[in-house]
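Q: The structure's right below; bear with me while I get my questions together.
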Number of protein chains: 2
Amino acid sequence: MTGRTGLVIDLKYILDIRNFSNHPLADKLVKSIDTIADDPEITSVVEAIGGIEPGYSYTKRCLAAGKNVITSNKQLVAEHGTELLALAKQNGVRYMFEAAVGGATPTIAPLRTTLAAGKVIAISGIVNGTTNFMLTGMLKNGMSYAEALSVAQQLGYAETKDPSDDVDGYDAGRKLAILSSIAYGMEIKPDDIPTDGISEVSLSDMKLAAEKGGTIKLIAHSEQSEDGNVSAWVHAAYVGENSRFISVNDVFNSVHYTCSNAGDVELFGRGAGKLPTAGAVMADVIEASENSDNRPVLWTKQENPFKYEVPYRYFVIKADGTSEITGKMTVAERDKMLSDGIAAKAYIVIDE
Amino acid sequence: MTGRTGLVIDLKYILDIRNFSNHPLADKLVKSIDTIADDPEITSVVEAIGGIEPGYSYTKRCLAAGKNVITSNKQLVAEHGTELLALAKQNGVRYMFEAAVGGATPTIAPLRTTLAAGKVIAISGIVNGTTNFMLTGMLKNGMSYAEALSVAQQLGYAETKDPSDDVDGYDAGRKLAILSSIAYGMEIKPDDIPTDGISEVSLSDMKLAAEKGGTIKLIAHSEQSEDGNVSAWVHAAYVGENSRFISVNDVFNSVHYTCSNAGDVELFGRGAGKLPTAGAVMADVIEASENSDNRPVLWTKQENPFKYEVPYRYFVIKADGTSEITGKMTVAERDKMLSDGIAAKAYIVIDE
């Protein structure tokens, strides 16, 4: 690769863990990570395996050998990013993962660049393309949840065997964990984020939301209080007519940062796909090759920061099939409203 | 400054060209640029003077002395960026200007980071907050153009003496020139961009647009053909109901990049203001202080690249006060339609 980067980047090896045969790049296939990690000519390694192992061990092996590692593996970054970032820093190399959140939508780079001088106060995002595609289908084509899931599976957006990662919000939770960890400078792990998905969202809920001018989206949200505590959640939420989220449809993603000096900033684009993901990975490879980085690690581990409760308004669906938007209430008040049978369902209201 | 950057940045001098007296930082005021340029302790200089001179001479002086220069001065970057970027590279320092386009909205950084591995095919933007505020006021409050201008002047968004820079599109043209130069890697100067503003946009045009589901916005647009030629313009354009531009209101800015592998990416935020601008400037100061940059200069001068004509659909206003949207036509066809009196006005249609 040359072009406007002025760089020549050659691909030397492909680690073959799945027995590719007759691959057009068969002459580059190797069987052991050691061949790559021990080659002094290699400066950067792209991990595109997915899941935790063997990517986790391979990443540690390569970072320890002084190679930059670039990945789109959100699960590995969300689970072990703290350790891997520290290991990279210790070895004077970089662990980069722009492609892990929002595909080629610039979500991580702005935190390191344009927004780096200020404080991020809150993050809200539509960060899972599969569920957003399904909800858009329900809204626009009157599909039920089951029909929308079936279409998403036919198109390859949702996994056929077990779509849980997407529809139950785990994928969104990992992405929120990564963005929040960078924004607040502290480890936020997916397991600490209250997460549910869209499987309880019915077509009739969507219609009731539309009557009020809004719609229902899977929202990942976190915010930090002035004393440093964090609130984070992934829920299907009611998005009001004044929110720019309302026009984020199909597989598109959108991340909003609320910043101390920049105010509101929104990054919108394709959240996934082969070319956007490859583009974001290669952008990190270029940056790791061209720019040194003398900053502290992006985040470190801190004692439980989850002591911040934010009150919300709720879009409430009642047993008689009507709906209303409440005033602000605490989680305890919401739960009482649900257990008393005053409301059958309660969606957080996002309206900005 | 310390915090998550891990840096200590001290302000040593303020160049006083306007005779500040009783300034709280009076002990830092100096009268000559030489004091700053000749001090080996200074690593970065922020130019916040605006206009061409004396900022242009001072910037050259500081770059030649081996200081990074950071600015929000879009006029200087658009007019002399080619020379100043080359001078910075020659001296091993950086000339940075994220704040020049979109305030703290990340518009330039994504071109250098997340989107750097692919090609930008087109840029469309609402990049002038003043005119967008005025058009929003006309749309929402039924103000005439003159009333909207008067309100913008009262609020300090438009200059009282001569609002031409904003309302005639020159400010938007400079910002488009900067983004296009980076995206296409070649010098695009404001004088080469056909530019008009919003002074011919009437309230009745806005109402006719609303009847068709769209609205009128000041759009800055450029695109590059496969053989490298460029088309660029700044015009009041008709924005259709499916465009995300339609919800960019008041002083907000939005820049859309159409990319070879990333697809559509949108960056949205506050386009101006003291804090957003200061935040973007300081982000560049931090980056210049922490990261070295081994890339080629962002752009270089090339022989006239403006040989690309793109046909557009037009939102046409007829003499009888009705409107319609045409099929695609060339500029010559549009001009004939206007000179033949078939249309009184013709706005380019943006509908994506």
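Q: I'd like the full set of residues that are modelled with pLDDT under 95, surrounded by 14 or more Cβ atoms within 10 Å (Cβ to Cβ) and within 26 Å of A:K189 (Cα to Cα), limited to the stretch A:29-71.
A: Scanning the stretch A:29-71 gives A:A48, A:I49.
Q: Of all residues being surrounded by fewer than 22 Cβ atoms within 10 Å (Cβ to Cβ) and not charged (D, E, K, R) in the stretch B:220-229, which is nearest to the other protein chains (Cβ to nearest Cβ)? Just the residue, please.
A: The selected residue is B:G228.
One line per residue, one yes/no per condition, for (1) in a helix (DSSP H, G or I); (2) in the same structural domain as B:I219 (by TED's automatic domain parsing):
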residue	(1), (2)
B:H80	yes, no
B:G156	no, yes
B:T160	no, yes
B:D166	yes, yes
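Q: List the residue pairs whose Cβ atoms are under 6 Å apart, where the first residue sits in the stretch B:176-201 and is closer than 15 Å to B:A100 by Cα, the second is acidic (D, E) and crowded, with 23+ Cβ neighbours inside 10 Å, and the two are 6 or more positions apart or on different chains.
A: Listed pairs, sorted by first residue: none to list.
Q: Okay, moving on. When you scan the stretch A:1-45, how many residues do you find that are within 14 Å of chain B (Cβ to nearest Cβ) and charged (D, E, K, R)? Let's see the steps before the verdict.
A: Filtering the stretch A:1-45 down to residues within 14 Å of chain B (Cβ to nearest Cβ) leaves A:1-9, A:11, A:43-44.
Cutting the leftovers down to charged (D, E, K, R) gives us A:4.
Going through the stretch A:1-45 one residue at a time, the tally reaches 1.
Q: For A:G81, work out the one condition from (1) out of contact with any helix residue (DSSP H, G or I) (no Cβ under 6 Å at 6 or more places or on another chain); (2) surrounded by fewer than 18 Cβ atoms within 10 Å (Cβ to Cβ); (3) of a type outside the set (S, T, Y) it doesn't fulfil.
A: Going through the list (1) out of contact with any helix residue (DSSP H, G or I) (no Cβ under 6 Å at 6 or more places or on another chain); (2) surrounded by fewer than 18 Cβ atoms within 10 Å (Cβ to Cβ); (3) of a type outside the set (S, T, Y), A:G81 breaks only (2).
Q: What is the one condition in (1) out of contact with any helix residue (DSSP H, G or I) (no Cβ under 9 Å at 6 or more places or on another chain); (2) at pLDDT 95 or above that B:D227 does not satisfy?
A: (2)
Q: Evaluate the following for B:K328: is it surrounded by fewer than 17 Cβ atoms within 10 Å (Cβ to Cβ), more than 14 Å from chain A (Cβ to nearest Cβ), closer than 25 Å to B:A78 by Cβ and basic (K, R)?
A: On the way: surrounded by fewer than 17 Cβ atoms within 10 Å (Cβ to Cβ): yes; more than 14 Å from chain A (Cβ to nearest Cβ): yes; closer than 25 Å to B:A78 by Cβ: no; basic (K, R): yes.
When the stated conditions are applied, B:K328 does not pass them.
Q: Among the residues of the stretch A:180-196, which ones are aliphatic (A, V, I, L, M), within 14 Å of chain B (Cβ to nearest Cβ) and buried (at least 24 other Cβ atoms within 10 Å of the Cβ)? Break it down stepwise before answering.
A: Going residue by residue through the stretch A:180-196, those that are aliphatic (A, V, I, L, M) are A:182-183, A:186, A:188, A:193.
From what's left, within 14 Å of chain B (Cβ to nearest Cβ): A:182-183, A:186.
Scanning the stretch A:180-196 gives a single hit, A:A183.
Q: So, one more: Could you identify the single residue in A:K217, A:K207 that is buried (at least 19 other Cβ atoms within 10 Å of the Cβ) and more than 14 Å from chain B (Cβ to nearest Cβ)?
A: Numbers: A:K207 fails: buried (at least 19 other Cβ atoms within 10 Å of the Cβ).
Residue meeting the stated conditions: A:K217.
Q: Given the criteria in a helix (DSSP H, G or I) and within 14 Å of chain B (Cβ to nearest Cβ), does A:K60 qualify? Lay out the reasoning, then the answer.
A: Working: in a helix (DSSP H, G or I): yes; within 14 Å of chain B (Cβ to nearest Cβ): no.
Against the criterion (in a helix (DSSP H, G or I) and within 14 Å of chain B (Cβ to nearest Cβ)), A:K60 does not qualify.
Each row is one residue, and each column tells you yes or no for (1) among the hydrophobic types (A, V, I, L, M, F, W, C); (2) modelled with pLDDT under 95; (3) closer than 30 Å to A:I246 by Cβ; (4) in contact with a Pro (Cβ under 8 Å, 6 or more places away or on another chain).
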{"residue": "A:A78", "(1), (2), (3), (4)": "yes, no, yes, yes"}
{"residue": "A:L85", "(1), (2), (3), (4)": "yes, no, no, no"}
{"residue": "A:N91", "(1), (2), (3), (4)": "no, no, no, no"}
{"residue": "A:T131", "(1), (2), (3), (4)": "no, no, yes, no"}
{"residue": "A:L135", "(1), (2), (3), (4)": "yes, no, yes, no"}
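Q: Please determine, by comparing only the residues of the stretch B:297-309 that are buried (at least 16 other Cβ atoms within 10 Å of the Cβ) and away from every other protein chain (no Cβ under 14 Å), which one is nearest to B:I188 (Cα to Cα).
A: B:P305
Q: From the list A:Y170, A:Y145, A:Y184, A:Y157, pick out the single residue that is in contact with a strand residue (DSSP E or B) (Cβ under 6 Å, 6 or more places away or on another chain) and of a type in the set (F, W, Y). Steps first, answer last, please.
A: On the way: A:Y170 fails: in contact with a strand residue (DSSP E or B) (Cβ under 6 Å, 6 or more places away or on another chain); A:Y145 fails: in contact with a strand residue (DSSP E or B) (Cβ under 6 Å, 6 or more places away or on another chain); A:Y157 fails: in contact with a strand residue (DSSP E or B) (Cβ under 6 Å, 6 or more places away or on another chain).
Result: A:Y184 is the single residue among A:Y170, A:Y145, A:Y184, A:Y157 that is in contact with a strand residue (DSSP E or B) (Cβ under 6 Å, 6 or more places away or on another chain) and of a type in the set (F, W, Y).
Q: Say whether the condition of being loosely packed, with under 13 Cβ neighbours inside 10 Å and in contact with a Pro (Cβ under 9 Å, 6 or more places away or on another chain) is met by at least one residue in the stretch A:340-352.
A: For the stretch A:340-352, residues loosely packed, with under 13 Cβ neighbours inside 10 Å and in contact with a Pro (Cβ under 9 Å, 6 or more places away or on another chain): absent.
Q: I would also like to ask the following. Can you report the number of residues in the stretch B:10-31 which are in contact with a strand residue (DSSP E or B) (Cβ under 8 Å, 6 or more places away or on another chain) and either within 26 Å of B:G81 (Cβ to Cβ) or of a type in the set (S, T, Y) (or both)?
A: 3
For (1) free of Cβ contacts under 8 Å to residues at least 40 places away in the same chain; (2) touching a strand residue (DSSP E or B) at 6+ places or on another chain (Cβ under 9 Å), each residue gets a yes or a no:
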site	(1), (2)
B:R313	yes, yes
B:I317	no, yes
B:D320	yes, no
B:D340	yes, no
B:K345	no, yes
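Condition check ((1) closer than 30 Å to B:E98 by Cα; (2) within 14 Å of another protein chain (Cβ to nearest Cβ); (3) assigned to a loop (DSSP other than H, G, I, E, B)) across all residues:
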{"position": "A:I52", "(1), (2), (3)": "no, no, yes"}
{"position": "A:V77", "(1), (2), (3)": "yes, no, no"}
{"position": "A:L84", "(1), (2), (3)": "no, no, no"}
{"position": "A:A99", "(1), (2), (3)": "yes, yes, no"}
{"position": "A:G103", "(1), (2), (3)": "yes, yes, yes"}
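Q: Pairs under 8 Å by beta carbon, first residue of a type in the set (K, R) in the stretch A:56-78, partner part of a loop (DSSP other than H, G, I, E, B), six or more apart or different chains?
A: Note: pairs meeting the criteria are A:K67/A:I42; A:K67/A:T43; A:K67/A:V93; A:K74/A:F97; A:K74/A:V101.
Q: On the basis of being surrounded by fewer than 24 Cβ atoms within 10 Å (Cβ to Cβ), polar (S, T, N, Q) and over 22 Å from B:A104 (Cβ atoms), does A:N132 make the cut?
A: no
Q: Name the one entry in B:G137, B:G173 that is crowded, with 19+ Cβ neighbours inside 10 Å, among the small types (G, A, S), in the same structural domain as B:T258 (by TED's automatic domain parsing) and under 21 Å from the mean Cα position of the chain (by Cα).
A: Of B:G137, B:G173, the one residue that is crowded, with 19+ Cβ neighbours inside 10 Å, among the small types (G, A, S), in the same structural domain as B:T258 (by TED's automatic domain parsing) and under 21 Å from the mean Cα position of the chain (by Cα) is B:G173.
Q: While we're here: Of all residues being at pLDDT 90 or above and more than 7 Å from chain A (Cβ to nearest Cβ) in the stretch B:282-296, which is surrounded by the most Cβ atoms within 10 Å (Cβ to Cβ)? Just the residue, please.
A: Checked the stretch B:282-296; the qualifying residue surrounded by the most Cβ atoms within 10 Å (Cβ to Cβ) is B:D284.
Q: With A:G263, A:G273, A:G279, A:G269 as the choices, which residue is within 7 Å of chain B (Cβ to nearest Cβ), out of contact with any His (no Cβ under 7 Å at 6 or more places or on another chain) and closer than 25 Å to A:L149 by Cβ? Reasoning before the result, please.
A: On the way: A:G263 fails: closer than 25 Å to A:L149 by Cβ; A:G273 fails: within 7 Å of chain B (Cβ to nearest Cβ); A:G279 fails: closer than 25 Å to A:L149 by Cβ.
After ruling out the rest, the residue left standing is A:G269.
Q: Within the stretch B:149-182, which residues are hydroxyl-bearing (S, T, Y) and over 24 Å from B:T113 (Cα atoms)? First the steps, then the outcome.
A: To start, the set of residues in the stretch B:149-182 that are hydroxyl-bearing (S, T, Y) comprises B:150, B:157, B:160, B:164, B:170, B:180-181.
Selection gives B:S150, B:Y157, B:T160, B:S164, B:Y170.
Q: Another question about this same structure. Looking at B:V239, B:V251, B:V265, can you tell me which residue is among the aliphatic types (A, V, I, L, M) and surrounded by fewer than 24 Cβ atoms within 10 Å (Cβ to Cβ)? Break it down into steps so the answer makes sense when it comes.
A: Details: B:V239 fails: surrounded by fewer than 24 Cβ atoms within 10 Å (Cβ to Cβ); B:V265 fails: surrounded by fewer than 24 Cβ atoms within 10 Å (Cβ to Cβ).
Going through B:V239, B:V251, B:V265 in turn, just one is among the aliphatic types (A, V, I, L, M) and surrounded by fewer than 24 Cβ atoms within 10 Å (Cβ to Cβ): B:V251.
The values are calculated or read from the model by the stated rules, or taken from the named source; none is laboratory data. This one's a predicted model, so the numbers in the text were calculated from it and none came from an experiment. Virtual Cβ from ideal backbone geometry, glycine too; neighbours counted across all protein chains shown.
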